[in-house]
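To start, the structure under review is shown below, and the notes come after it.
The values are calculated or read from the model by the stated rules, or taken from the named source; none is laboratory data. Computed from a predicted model, the values in this text were never measured in an experiment. Neighbour counts are summed over all protein chains in view; Cβ atoms, including those assigned to glycine, are modelled from backbone coordinates with ideal geometry. Side chains are part of the model used for accessible areas, which takes the heavy atoms of the whole protein and leaves out ligands, DNA and RNA. Shrake-Rupley method; radii C 1.70, N 1.55, O 1.52, S 1.80 Å.
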Amino acid sequence: MNAPLRTIQAGRDGARVTILDQSRLPHDVVTLDLTTVEEVAEAIGAMRVRGAPLIGVTAAWGVALALRHDPSDAGLARAAEVLIRQRPTAVNLRWAVERVAAAVRGLSAADRADAAWVEAASIMAEDESGNERIAEHGLPLIQEIARRKHDGDAVQVLTHCNAGWLATTAWGTATAPIYLAHQQGIPVHVWVDETRPRNQGAALTAWELARAGVPHTVIVDNAGGHLMQRDRVDLCLVGADRVAANGDVVNKIGTYLKALAARDGGIPFHVAMPTSTIDLAAIDGMMIPIEERDPDEVLGVTGYADGVPVRVALTAPATRAANPGFDVTPARLVTSLITERGCIAPTPAAIAALMEHDIR
Ligand code: MRU
C-alpha cells in the first residue's frame, strides 16, 4: 500500500527532506527531494511549500540540512538569513529557525547537525499533535451549531485561502475541526473562497476537502458577503500567518473583508492557529510586515489545458497591478482564537495568559 500523502517527510538518511510540490497541485501530485538550505529556501520562496506552520517546519529542516554542510556559527547565521528572508509575514518561519538555532548554538560543531535534526523532528511532531488539539478545541463550535440545525442539515462553514493539512504537517488549522466533525458524522459543508491571486482555495483547499470526502463548493472571493446576507454561512473559520499581542490577525489578503461581512451579519468569525503563530513582539497588527508579491500574479492566471500548465494574461499589456499578500483583521472582528492550548477571546489579557501557561 502507498504511504499516505504528507506535505513533508524527513529522509531516513538524515540528509534530505521530501516535500509535496504544492505549486503543481491540484493537477500534478509531485514530490521533491531537498538536500541543501538553498533548495529549501527556493521551495519556500517559490511557494512549493506554503502556509505559516508548514513554512516553519520546512525552515527548521532547512537549518538542519545547512548544518550538515557547514556547522560553524557563520554557517548557522547564513542559513537563518537565507531562510527568514523568503517570506516576511508568516512568523512561524522566524520562530522555527530561531528555535533550531537556539537548540544548537551551545554545542560543538560536530554535534550541531544531529541536534538540529532532532529539533526539526520535534517541531514537525508538535505541529501535528498541536493541530489535533486544535481540532478538539474547535469541534464544540461546530457541534453547537449542528445541534440547532434541522435533522441532516449541514453546518455551513466559510473558509479563506488554505489553512488545511497542506499548510501544515497534518490536519491543518482551520480545517482541523472540520475534518474531526466530518469524521464524527456531523454534516458539514464548506464554502471555499477561491483566494485570488494564487487561488489557494480553489487549487488546494478544494483538492484536500475532496480527498477527505468533505462536501464543499468553491466561490469567487466576493461571493462571501452575499452568502452571509442570505443566511447561508453559519460560521467563518480561517487560519493566520501572524497574530499580534492584542489579538489582531494577519492572514491571506481578503480575510478582513470576510470578517467585516461576518460582523455585519452576526456570524461568528473564528481563527485557528498554533501558538507559534502568536508574535508578542507585535503590539498590534499594523506593526506586522505585509508581503508585497509580484504584480504578475494579479495580471494573469495559471491553469491547466490538456494536462499542461498554461499561463494566460487577464489585462491589457500596459496595465499595472499591486499585490499585497496579507491583511489585518482587527481583534474586535474576531470571535475566538482556537489554539492547541485552548480556545480564547482575542484580547491582550487572554493572549498573555495563553502564552504564559498551558491552559489545556
Ligand atoms: O501565501 P500562503 O499560501 O502561504 O498563505 C497561507 C495563508 O494565508 C494561511 O491562511 C495561513 O498561513 C494559515 S495556514 C494554517
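Some values worked out for this structure:
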| item | result |
| --- | --- |
| Apportionment of accessible area to carbon and sulfur, region 1-108, percent (1.4 Å) | 51 percent |
| Residue among Val328, Val188, Ala167 farthest towards the positive dipole end of the chain, charges placed on Cβ | Val188 |
| Tensor-based shape of region 249-316 (alpha-carbon gyration tensor, a/c under 1.5 rounded, otherwise prolate or oblate) | prolate |
| Span from the region 324-360 Cα centroid across to the region 146-200 one, whole angstrom | 20 Å |
| Gyration tensor verdict on region 169-240 (Cα atoms; rounded if a/c is under 1.5, prolate if a/b is larger than b/c, oblate otherwise) | oblate |
| DSSP-defined beta bridges in the chain - what % are antiparallel, rounded to 5 | 55 percent |
| For the chain, alpha-carbon Rg relative to the globular expectation (2.2 N^0.38 Å, N residues) | 0.97 |
| Scattering curve values for region 269-360, log₁₀ I(q)/I(0), Debye with Cα scatterers, q = 0.16, 0.21, 0.22, 0.24 Å⁻¹ | -0.77, -1.00, -1.07, -1.21 |
| Residue-averaged [θ]222 nm for the chain, counting only DSSP H segments that reach four residues, each worth -39500 (n - 2.57) | -12000 deg cm²/dmol |
| Cα-projected label distance for Ala318 with Ala102, points at 7 Å along beta-carbon direction, nm | 5.4 nm |
| Electrostatic dipole magnitude of the chain [Cβ: Lys, Arg +1; Asp, Glu -1; Cα centre; debye, to 20] | 420 debye |
| Accessible surface ranking that places the most exposed of Met273, Met355 first, with a 1.4 angstrom probe | Met355, Met273 |
| Virtual spin-label span in nm between Glu38 and Arg6, 7 Å along Cα→Cβ | 2.7 nm |
| Alpha-carbon Rg/Rh ratio, for region 65-215, with Rh computed the Kirkwood way | 1.11 |
| Solvent accessible area, Å² - Val334, 1.4 Å probe, full protein context | 10 Å² |
| Solvent-accessible area per residue, Å², over the chain with all protein chains present [probe radius 1.4 Å] | 43 Å² |
| Protection proxy ranking of 315-328, 5-18, 186-199 - average other beta-carbon atoms within 10 Å, highest first | 186-199, 5-18, 315-328 |
| Choice from Gly225, Gly106, Gly56 showing the highest fluctuation, given a GNM over the chain with Cα pairs closer than 10 Å | Gly106 |
| Tensor-based shape of region 124-278 (alpha-carbon gyration tensor, a/c under 1.5 rounded, otherwise prolate or oblate) | rounded |
| Area of Asp264 that stays accessible when all protein chains are in place (1.4 Å probe, Å², to 10) | 130 Å² |
| Stretchable slack from Arg311 to Asp13, in nm (0.36 nm times residue separation minus alpha-carbon distance) | 103.5 nm |
| Gain on full stretching of the segment that runs from Asp231 to Ser72 - 0.36 nm per residue minus C-alpha separation | 51.4 nm |
| Ranking by accessible area, most exposed first, for Glu42, Glu356 with a 1.4 Å probe | Glu356, Glu42 |
| Mean Cβ neighbour count within 10 Å, used as a protection proxy, ranking 243-255, 159-171 highest first | 159-171, 243-255 |
